[in-house]
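The values are calculated or read from the model by the stated rules, or taken from the named source; none is laboratory data. Here the structure is a predicted model, which means the values were calculated and not measured. Cβ: placed from backbone, ideal geometry, glycine included. Neighbour counts: every protein chain shown. Just the protein is used for accessible areas: all its heavy atoms, side chains included, with ligands, DNA and RNA removed. Shrake-Rupley method; radii C 1.70, N 1.55, O 1.52, S 1.80 Å.
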Amino acid sequence: AQTVTQSQPEMSVQEAETVTLSCTYDTSESDYYLFWYKQPPSRQMILVIRQEAYKQQNATENRFSVNFQKAAKSFSLKISDSQLGDAAMYFCAILMVAGGTSYGKLTFGQGTILTVHP
Amino acid sequence: DAGVTQSPTHLIKTRGQQVTLRCSPKSGHDTVSWYQQALGQGPQFIFQYYEEEERQRGNFPDRFSGHQFPNYSSELNVNALLLGDSALYLCASTFSLLGDEKLFFGSGTQLSVL
């Protein structure tokens with residue numbers, strides 16, 4: 001079974017500054033995807049960024065980037081130029097792939113609440 | 001283009017009752033997954049439906065059951081409600097040929113069991 005651990009229950013950042021959210025995971029499989037999701041007060045889970053395990057290059061999406069360390073099983077999210085709208089709960093998640101199929105079974109971490117101060 | 005829609009938004013039930021939650025997938029999607037998110041926790045996978053059949057199931061008791069209709073919409077049924085079933089229930093959809101790495105989530109149904 002796979003597990004995802006987010007060791008920072010809460011983080012805060014000043015507007016326009018940079019913040020990094022930590023995530024570690026454990027799996028014995030070699031084929032998987034890693035995700036960061038954002039959940040604002042509206043409760044909808046919004047995909048922030050996705051990383052394929054077979055890709056060594058770190059994924060980037062505008063102000064969001066990841067530091068994927070496969071050997072260390074670490075997957076941190078860096079938010080640059082933080083904005084007030086970035087305030088939300090952030091979840092790290094892993095999706096296993098077996099025989100080309102994943103069956104939608106995301107495993108989530110416990111979440112990190114991000115506060116952005118003006 | 002409507003995204004994933006869930007109904008109702010909020011629901012209050014008492015212990016022992018039964019509840020049905022509904023989900024309409026994003027246009028073009030044929031696969032629906034359900035998650036339970038307790039307060040302050042990450043979502044947990046309940047099950048996934050594809051071609052009107054349950055394809056995989058998480059660690060949830062048989063009180064949790066589902067259904068998928070020919071139009072790909074889905075229902076989640078919970079029988080004999082317990083206080084611990086109080087949670088946000090999220091539905092997510094994808095198109096099977098694209099893979100589950102492209103899941104889209106709805107805004108959820110908040111279930112309160114009194």
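Numbers at a glance
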quantity: Options A:V97, A:V48, A:V19: the member that is in contact (Cβ under 8 Å) with a residue 24 or more places away in the chain and in contact with a Ser or Thr (Cβ under 9 Å, 6 or more places away or on another chain); calculated: A:V19
quantity: Top-ranked residue of segment B:51-71 - restricted to ones that are open to solvent by 70 Å² or more (accessible area, probe 1.4 Å) and in a loop (DSSP other than H, G, I, E, B), ranked as modelled with the lowest pLDDT; calculated: B:E51
quantity: Any hit, segment B:9-18, residues being among the charged types (D, E, K, R), under 13 Å from B:C91 (Cα atoms) and open to solvent by 20 Å² or more (accessible area, probe 1.4 Å); calculated: no
quantity: Matching residues in segment B:7-49 - criterion: being without any contact (Cβ under 8 Å) to a residue 12 or more places away in the chain and either of a type outside the set (G, A, S) or in contact with a Cys (Cβ under 6 Å, 6 or more places away or on another chain) (or both); calculated: B:Q41
quantity: Identity of the residue in segment A:32-52, at the interface with another protein chain (Cβ under 9 Å from one of its Cβ atoms) and more than 18 Å from B:G108 (Cβ to Cβ), that ends up surrounded by the most Cβ atoms within 10 Å (Cβ to Cβ); calculated: A:Y33
quantity: Of all residues making up segment A:74-92, the number that are crowded, with 17+ Cβ neighbours inside 10 Å and of a type outside the set (F, W, Y); calculated: 9
quantity: Residues (without any contact (Cβ under 8 Å) to a residue 60 or more places away in the chain and closer than 26 Å to A:R43 by Cβ) located in segment A:68-85; calculated: A:F75, A:S76, A:L77, A:G85
quantity: Any hit, segment A:93-113, residues being of a type outside the set (A, V, I, L, M), touching an Asp or Glu at 6+ places or on another chain (Cβ under 6 Å) and more than 14 Å from chain B (Cβ to nearest Cβ); calculated: no
quantity: Odd one out for B:Y89, checked against (1) within 10 Å of chain A (Cβ to nearest Cβ); (2) among the hydroxyl-bearing types (S, T, Y); (3) farther than 22 Å from A:A98 by Cβ; calculated: (1)
quantity: B:S74 vs. criteria of a type in the set (S, T, Y), open to solvent by 10 Å² or more (accessible area, probe 1.4 Å), away from chain A (no Cβ under 11 Å) and farther than 22 Å from A:F108 by Cα; calculated: no
quantity: The lone exception for A:N58 - which of (1) touching a residue at least 12 places away in the same chain (Cβ under 8 Å); (2) within 29 Å of A:A16 (Cβ to Cβ); (3) surrounded by fewer than 21 Cβ atoms within 10 Å (Cβ to Cβ); (4) more than 10 Å from the chain's Cα centre (by Cα) it fails; calculated: (1)
quantity: Residue satisfying condition, being open to solvent by 60 Å² or more (accessible area, probe 1.4 Å), modelled with pLDDT under 95 and outside any strand (DSSP E or B), within set B:S107, B:S96, B:S27; calculated: B:S27
quantity: Those residues of segment B:59-103 which are touching a Leu at 6+ places or on another chain (Cβ under 8 Å) and aromatic (F, W, Y), in sequence order; calculated: B:F64, B:Y89
quantity: Selected residue (criterion: farthest from the chain's Cα centre (by Cα)) from residues of segment A:1-49 that are closer than 20 Å to B:G40 by Cβ and among the small types (G, A, S); calculated: A:S42
quantity: Among (1) part of a loop (DSSP other than H, G, I, E, B); (2) exposed (fewer than 15 other Cβ atoms within 10 Å of the Cβ) - the single one B:Q41 does not satisfy; calculated: (2)
